[in-house]
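Undergrad: Structure in structure tokens, see below.
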Amino acid sequence: LQKRQVKEFMTVFGNLVDNCFNACVDDFTSKVLSGRETGCISRCVIKSMTTQARLGERFAELNAAMTAEMQQKMSR
Amino acid sequence: LQKRQVKEFMTVFGNLVDNCFNACVDDFTSKVLSGRETGCISRCVIKSMTTQARLGERFAELNAAMTAEMQQKMSR
Amino acid sequence: LQKRQVKEFMTVFGNLVDNCFNACVDDFTSKVLSGRETGCISRCVIKSMTTQARLGERFAELNAAMTAEMQQKMSR
Amino acid sequence: MFGFGRPQPTSAEKIAAIENELKVVAEMHSRMIKVCSAKCLDKTYREGELSKGEAVCLDRCAAKFFEAHQIISDQLQKEGAARGFGGGM
Amino acid sequence: MFGFGRPQPTSAEKIAAIENELKVVAEMHSRMIKVCSAKCLDKTYREGELSKGEAVCLDRCAAKFFEAHQIISDQLQKEGAARGFGGGM
Amino acid sequence: MFGFGRPQPTSAEKIAAIENELKVVAEMHSRMIKVCSAKCLDKTYREGELSKGEAVCLDRCAAKFFEAHQIISDQLQKEGAARGFGGGM
């Protein structure tokens with residue numbers, strides 16, 4: 001279980017890195033991130049985290065509702 | 001082996017969900033799937049399953065042919 | 001560790017196959033690869049391998065630099 | 001979730017089924033984040049905070065994704081039972 | 001498949017090699033489904049059945065994907081042997 | 001890397017942390033290859049050798065990707081500590 005959470009975290013974290021890098025970095029005339037790029041990445045990370053937290057809440061609610069519904073069906 | 005099959009099934013199933021959701025759902029003015037969307041998803045699932053079955057057959061044939069060829073080479 | 005390397009190799013190899021197939025094969029009027037397609041795939045593989053080797057070197061350098069920096073910070 | 005009508009599972013099978021259920025749920029969660037972010041977020045990242053529109057879109061996307069997941073899961077089991085699905089996999 | 005000319009493998013190594021072979025085959029199958037579906041299927045899903053054109057496209061895509069997989073696998077082994085591949089990975 | 005300020009890890013936890021660190025590094029490497037290849041390589045494959053422009057682009061992309069990975073990792077830990085991140089996961 002612990003292992004699964006680490007794995008899921010890594011998938012989500014990896015997708016976040018790919019996603020924010022892809023969205024924010026397109027200039028390869030320098031090998032150092034520009035101020036514009038780091039700003040964009042930073043906002044992307046904040047937005048992604050808020051998104052994850054929000055979707056996590058929704059997911060938990062939806063999952064709880066479904067589990068309750070299934071248990072009702074089974075107990076009938 | 002059993003474990004690998006479950007894992008492969010989950011990858012294929014997960015890709016199917018992503019694929020059919022992405023292709024069929026683009027309207028977020030409601031939080032419930034419309035009739036058009038459920039219809040599209042249902043047809044997408046049928047088509048995906050037929051596709052998987054067909055590709056599964058082809059894959060088995062191609063794999064058998066290759067294995068036979070390799071064994072012939074080795075026995076020479 | 002050995003297992004992880006195999007897994008990473010498989011991811012990289014699988015991405016290479018997908019990538020070169022997607023870039024080079026678009027004609028399905030035949031079931032055999034054309035000369036143009038095999039040529040494209042072959043060049044794609046060579047370029048991908050050179051890319052992987054190059055990025056591997058860069059990655060090792062960057063990783064070594066970062067590790068050295070972290071150890072300095074810790075020993076302070 | 002993917003028990004294709006087999007009779008009396010052993011307790012080892014039950015544990016494996018629960019394990020798979022958990023994996024399915026965890027993977028659904030990761031996929032939902034990926035799919036709904038792609039559908040709802042403005043990719044320019046000029047703002048770090050979610051706009052009201054983005055937030056509402058995410059909520060609805062989550063509900064629709066969950067519903068789609070259920071529909072597809074049910075349909076696969078029905079079709080699977082009918083066609084003997086799993087053979088081609 | 002990826003035995004880079006090593007001498008006499010132990011039986012543990014042989015089992016690991018077979019295991020990997022199976023993983024490679026299973027992964028190739030998943031990837032083929034993904035790639036060939038993207039290349040051949042009409043994404044509007046107005047029809048649930050495969051059209052004749054889609055079915056033929058899938059068959060040919062499968063054959064070409066398999067062939068490409070073999071070519072690439074062989075090439076990697078040759079290049080790998082020549083350049084001492086794996087070091088950069 | 002993802003140790004959110006927990007007190008005194010046991011040696012089993014330390015080993016797990018190192019293992020995860022290795023996984024993170026291996027995965028970062030795979031992702032870098034994927035992302036930077038997409039950003040820098042000409043997809044027509046008329047040439048098998050890397051052009052000078054592609055090679056330079058890859059080097060810079062690698063450096064920027066690495067830097068971005070560090071920035072994001074640091075930011076997640078800071079935000080995570082502040083907001084109690086991980087709860088929503």
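Where a number appears in this text, it was derived from the coordinates with a stated rule and is not lab data. None of these values were measured; they are calculated from a predicted model. FYI the Cβ positions are ideal-geometry reconstructions off the backbone, even for glycines, and counts take in every protein chain you see.
Undergrad: Rounded if a/c is under 1.5, else prolate if a/b is larger than b/c, else oblate: which is region D:28-68, with a ≥ b ≥ c the root eigenvalues of its Cα gyration tensor? Don't jump to the answer; show the numbers that get you there.
TA: Values: a/c = 2.88, a/b = 1.76, b/c = 1.64.
It is prolate, given that a/c is not under 1.5 and a/b is the larger ratio.
Undergrad: Right, next: Among D:LEU50, D:LEU76, D:CYS61, pick out the residue whose Cα is farthest towards the positive end of the charge dipole of region D:11-81, where Lys and Arg carry +1 and Asp and Glu carry -1 on C-beta, about the Cα centre.
TA: D:LEU50
Undergrad: Between the helical axis of A:35-75 and the dominant principal axis of chain A, each derived from Cα atoms, what acute angle in degrees is found, rounded to the nearest 10?
TA: So the inclination is approximately 10 degrees.
Undergrad: Using Cβ counts within 10 Å as a stand-in for footprinting exposure, how do F:PHE65, C:PHE59 rank, fewest first? All intermediate terms of the calculation are to be shown ahead of the outcome.
TA: On the way: F:PHE65 26, C:PHE59 20.
So the residues, fewest neighbours to most, are C:PHE59, F:PHE65.
Undergrad: Here is a follow-up. Based on the Cα atoms of region A:2-75, what semi-axes does the equivalent ellipsoid have, where each is the square root of 5 times one gyration tensor eigenvalue, given in whole Å with the largest first?
TA: 38, 13, 8
Undergrad: Still on this structure: Tell me what chain B gives for mean residue ellipticity at 222 nm when only DSSP H runs of n ≥ 4 count, each as -39,500 (n - 2.57), the sum divided by the residue total, rounded to 500 deg cm²/dmol. Don't skip to the answer; put the middle values down first.
TA: Values: 2 runs with 64 residues, N = 76.
Here the helix-only value at 222 nm equals -30500 deg cm²/dmol.
Undergrad: Work out the length of the dipole vector of region F:11-82 about its Cα centre, built from +1 on the beta-carbon of each Lys and Arg and -1 on the beta-carbon of each Asp and Glu, and round it to the nearest 20 debye.
TA: So the dipole magnitude of region F:11-82 works out to roughly 220 debye.
Undergrad: Just to verify a number: FRET efficiency for E:ILE15 and C:MET66, C-beta to C-beta distance, R0 = 51 Å, to 0.05?
TA: 0.85
Undergrad: Using Cα atoms only, what is the angle between the long axis of helix A:2-24 and the major principal axis of chain A, expressed in degrees (0 to 90) to the nearest 10?
TA: 40 degrees
Undergrad: Suppose you put the label 7 Å out from Cα in the Cβ direction; list, shortest first and in nm with one decimal, how far D:GLY53 is from each other copy's label.
TA: 3.6, 3.6
Undergrad: With a 10 Å Cβ neighbour count serving as the proxy for reagent exposure, in which order, fewest first, do A:MET74, A:MET10, B:MET49, E:MET32 appear?
TA: Numbers: A:MET74 7, A:MET10 16, B:MET49 20, E:MET32 25.
Result, fewest neighbours first: A:MET74, A:MET10, B:MET49, E:MET32.
Undergrad: Which cross-chain or sequence-distant (5 or more) residues have an amide H under 5 Å from the amide H of B:LYS31, H modelled 1.01 Å from N in plane?
TA: Here the answer is none, since no amide H 5 or more places off falls under 5 Å of that of B:LYS31.
Undergrad: Could I ask something else about it? Run the label-point distances for F:GLY80 please: 7 Å along Cα to Cβ, every other copy, nanometres, shortest first.
TA: Once sorted, the set of distances for F:GLY80 reads 3.4, 3.4 nm.
Undergrad: Here's a follow-up. Specify, for chain D, the residue whose C-beta is closest to the rotation axis mapping it onto chain E, with the distance given in whole Å.
TA: D:LYS34, 9
Undergrad: At 7 angstrom along the Cα-to-beta-carbon line, where would the label on F:ALA17 sit relative to the other copies? Give the distances in nm, shortest first.
TA: 4.0, 4.0
Undergrad: In debye, nearest 20: dipole of region A:2-75 around its Cα centre with unit charges on the Cβ of K, R (+) and D, E (-)?
TA: 180 debye
Undergrad: Is region F:11-82 best put as rounded, prolate or oblate by its Cα gyration tensor, with a ≥ b ≥ c the root eigenvalues, rounded for a/c under 1.5, and otherwise prolate when a/b is larger than b/c, oblate when not? Write down the numbers at each step before the final one.
TA: Details: a/c = 3.84, a/b = 2.17, b/c = 1.77.
Prolate, since a/c reaches 1.5 and a/b exceeds b/c.
Undergrad: Let me ask something else about it. What list of ³J(HN,Hα) couplings, whole Hz, do you get for region D:70-78 from phi and the Karplus terms 6.51, -1.76, 1.60, once you set θ to phi - 60° and write x for glycine and proline?
TA: These are the phi-based 3J(HN,Hα) values: 5, 4, 5, 4, 4, 4, 4, 5, 5 Hz.
Undergrad: Right, something else. Suppose each label sits 7 Å from its Cα in the direction of the beta carbon; what would the B:ARG4-B:MET74 distance come out to in nanometres?
TA: Modelled inter-label distance: 1.5 nm.
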